[in-house]
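Enquirer: Structure provided below as structure tokens; questions to follow.
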Amino acid sequence: MTLPRPSRFRNSAPLIGLTLDHEPGGDGKFSRYPFHALRENYLTALSEAGGLPVCLGYTADAEAMVARLDALIITGGAFDVDPVLYNEDPHPLTSPRPARTSAELALLRAALKRDIPILGICGGMQLMAVNAGGTLIQHLPPELEHEQPNPRHEPGHAVSIVPDTHLAEIVCTPTMMVNSSHHQAVRSAGEARISALAPDGVIEAIELDGPKFAIGVQWHPEFTLDPGDRRLYAALVEAAAR
């Protein structure tokens, strides 16, 4: 295991919360009892950027948790945002987890209220779009291969960064190579601004104009496949440390 680099913020490393998946447990699982889970690289990528990661459960008061945080990351997972939030009936392949979405939505709104930096990843980006009044494509055609056939630690496709956006300012490149692990996508971004697109036109990143840092990306930057991924984490930590 690679140990995280020492934080250049020393004892004042910003405290950054990450949301967790939830599994019911059972025979042959990590636990027979319900448990939270999160892939390790969500935490290590943040630690290497100088942040101090902390995992957030579902049962505590969202505003109380956010009051202690310097930034929030809403993670992805093998589930879908409940379409009731954007007034649609579920597609047969839509798999909502209402308890998780309810907890993450409360954290997102508390973070927006406090204006702390927010990074939404995959399903986290989709939740940000829905909260901004947007809608989702509930199931992408499989032939588009946004569930990439190669491993997730390898690039799946390029994305074009929209000029004159906060994301463009951060990553300092017109294109990035990213991985792709989603069967849903943002159809309309509502009041959010689109900041990256896939070659087939699928929305790959959004951002909010009001907060000092509120960016959602459809890919998984915690794998740090592109130099822009590390720049994104560094910018989040810098914003959280202010």
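The values are calculated or read from the model by the stated rules, or taken from the named source; none is laboratory data. Note that the structure is a prediction, hence the values are computed from the model and not measured. Here the Cβ is made from the backbone with ideal geometry for all residues, glycine too, and neighbour counts use every protein chain on show. In case anyone asks, the SASA skips ligands and DNA or RNA and just uses the protein heavy atoms, side chains included. Shrake-Rupley method; radii C 1.70, N 1.55, O 1.52, S 1.80 Å.
Enquirer: When the accessible area of segment 136-242 is split by element with a 1.4 Å probe, what percent falls to carbon and sulfur?
Expert: Carbon-and-sulfur percentage of accessible area, whole number: 54.
Enquirer: Around residue 96, what is the net charge, scoring Lys/Arg as +1 and Asp/Glu as -1 over all other residues with Cβ under 10 Å from its Cβ?
Expert: 0
Enquirer: Another one. Within the set of other residues whose C-beta is less than 12 Å from the C-beta of residue 203, count the net charge using Lys and Arg as +1 and Asp and Glu as -1.
Expert: Net charge around residue 203: -1.
Enquirer: Turning to a different aspect of this structure: If you bin every alpha carbon distance in the chain into 10 Å steps from zero, what whole percent lands in each bin?
Expert: 8, 33, 39, 17, 2, 0
Enquirer: Calculate, in whole percent, how much of the Cα-Cα pair population of segment 1-141 lies beyond 20 Å.
Expert: Everything past 20 Å amounts to 51 percent.
Enquirer: Oh, and also: Which log10 I(q)/I(0) values, to two decimals, does segment 178-242 give at q = 0.13, 0.21 Å⁻¹ under the Debye formula with one point per Cα?
Expert: Log10 of I(q)/I(0), two decimals: -0.39, -0.96.
Enquirer: Moving to a separate point now. Could you list the square roots of 5 times each eigenvalue of the Cα gyration tensor of segment 61-168, that is, the equivalent ellipsoid semi-axes, sorted largest first and rounded to whole Å?
Expert: Semi-axes from the Cα gyration tensor: 25, 20, 13 Å.
Enquirer: Order the peptides 77-88, 46-57, 118-129 from the highest to the lowest mean number of other Cβ atoms within 10 Å of their residues.
Expert: Ranked from most to least packed, the peptides come out as 118-129, 46-57, 77-88.
Enquirer: Can I ask one more? May I ask for the net charge around residue 189, where only other residues with Cβ less than 15 Å from the Cβ of residue 189 are counted and Lys, Arg are +1 while Asp, Glu are -1?
Expert: Result for the neighbourhood of residue 189: -2.
Enquirer: Find, to one decimal place in angstroms, the Kirkwood hydrodynamic radius of segment 52-92, where the mean of 1/r is taken over every pair of different Cα atoms and then inverted.
Expert: Final number for the Kirkwood radius of segment 52-92 is 13.0 Å.
Enquirer: Sticking with this one: Keeping every protein chain present and rolling a 1.4 Å probe, give me the accessible area per residue for segment 34-115 in Å².
Expert: 48 Å²
Enquirer: Still on this structure: Given only helices, namely DSSP H runs of n ≥ 4 each adding -39500 (n - 2.57), what is the per-residue ellipticity at 222 nm of the chain, to the nearest 500 deg cm²/dmol?
Expert: The helix contribution divided over the chain gives -7500 deg cm²/dmol.
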